[in-house]
Structures are given as structure tokens and as C-alpha cells.
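K.L.:
Got a structure here, written out as C-alpha cells. Questions coming.
Please treat every number below as a calculation from the coordinates, not as lab data. Not measured: the values here are computed from a predicted model. Cβ atoms come from the backbone with ideal geometry, glycine included; neighbour counts cover every protein chain shown.
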Amino acid sequence: MQDTQSERTYRELRRKVLTGELEAGTQLVNRTLAQAMEVSLAPVREAIIRLATEGLVEHVPGAGAFVRKSSKQDLEELYVLREAVESCAAAEAARNITQNQLDTLEEVLGEFEAILSTIRREKSRMATKATFGRWLDCEERFHRIVVEAARNRLLAKVIEDYTALGQVFGIQRHWAAILTLAIAEETYREHTAIAAALRNRDADTARRLMCDHIQKGRKTVLDYLRSRSVT
């Protein structure tokens, strides 16, 4: 029972951090969190230790634990990791993906298309915060399916241990203005091409397309941060 409660507490606290419900810089007070989550202190302490190991939480001597503020360098490093691991995963997925996973990718592409239609109706030609949240959910789902389809436990473990997907998409949740119609349309085309390469069992093309896709995402994010003078 304790193990189940510990895992549930960890996942819920991690979700709050990655979605921004607990904002960067927020102090994590064990007793307050335990009361809010209706659990004992032990699973909260364990969850905070795990999140610190993942780099989502930092301990400040004499002050306590805080949600870590991610820097531009953090994002750059995450994108480098993703490019290396996910391009390899895409090639493996082209060899091992199941029909059910291909069907699920098609469903995600359909969700992307629906969100695109919503952005096209916006006068600003940009995503709203709610629309951007939906888009990032689809992004994370798409990439997780590809990693799972690779059927390589070591690749999946690297992604999970470094929370590379959760962090890189979670950090962006407050940046709705980054998703313009032009970027959304280009990203959708890239996702469609990757899915087609997987369907055609073309490992080399899947690897190349995933690599290009992540490189473009990295450039878009870092250019956005530079425009806001974020270090």
C-alpha cells in the first residue's frame, strides 16, 4: 500500500511541476503538500528526493526544496539528448512498430489537425494558452509512442530517467505565443512525414526526419528565448 501511495504521490507532484501548477521557484513544504494531497509525510519526502534526482527540484542549503528554474542551457542540453536518442528510437520504431501504434499515431495526427483548424480561426494566427496546452499534450504523446514503438528498454530508460519529454514540453507551457500558425503547420507536416516513414518501415528516413524535426524545434525554442532575453 505504501509503495502504491509513494508512486501515486510522486507522479502527481511531478505532474504539478511539469505543467507549471507548481511554478518554478516555488518552495516545496512537506507538511503543506502532504495535507493538500491527503497523504503522510513519507511519500512526499520520497517524491521530492526523486524529483531532485531528475533535476526538477533543487535543494537550497538552509532554505529547503524548490521547483527548479530551467535555463536556456538546460533546454539546449535536453534537445541535444532528444536528438541523439529519439532519432535512434525512430529508426528502431520503423522496424518494430505495431499496427495498433500506427493507428494511435494517426489519431494523434487527427488531433493536431483539429488544433490547427482552431489556430487558423484565431485573428492573431497564434495559439491561445488552452490551445497550446492541447498541442503540447499531442506533441508529448506522439513522441512517447515513437519511443515505445522502438521496443528498446535502454532508449526508453534514458528518456524517462532524464524526463526529457516531460521537461522540454512542460517548460514551454506558458509560452503560447511561440506557436504561430506557420510553425504549427510546419510541425504538423513533419509529424505526418515521420508517421509515413514508420508506416513504410523506412528506418533511415525515420531517423533523418526525427533528427531534423528536433533540430527545428530546438531552433524555434531558442530563438523565442533570445527574443525575450532569457538566459
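K.L.:
Of the conditions (1) farther than 25 Å from residue 81 by Cα; (2) hydrophobic (A, V, I, L, M, F, W, C); (3) in contact with a Phe, Trp or Tyr (Cβ under 6 Å, 6 or more places away or on another chain), residue 126 fails just one. Which one is it?
P.N.:
Of the numbered conditions (1) farther than 25 Å from residue 81 by Cα; (2) hydrophobic (A, V, I, L, M, F, W, C); (3) in contact with a Phe, Trp or Tyr (Cβ under 6 Å, 6 or more places away or on another chain), the odd one out for residue 126 is (3).
K.L.:
Then there is this: Quick one: is residue 27 touching a residue at least 12 places away in the same chain (Cβ under 8 Å), surrounded by fewer than 17 Cβ atoms within 10 Å (Cβ to Cβ) and among the polar types (S, T, N, Q)?
P.N.:
Yes: the conditions hold for residue 27.
K.L.:
Please determine, by comparing only the residues of region 73-122 that are among the small types (Gly, Ala, Ser) and without any contact (Cβ under 8 Å) to a residue 12 or more places away in the chain, which one is farthest from residue 182 (Cα to Cα).
P.N.:
The residue in question is 84.
K.L.:
Criterion first (farther than 18 Å from residue 161 by Cα, surrounded by 16 or more Cβ atoms within 10 Å (Cβ to Cβ), small (Gly, Ala, Ser) and without any contact (Cβ under 8 Å) to a residue 12 or more places away in the chain) does residue 34 satisfy it?
P.N.:
So residue 34 passes the test.
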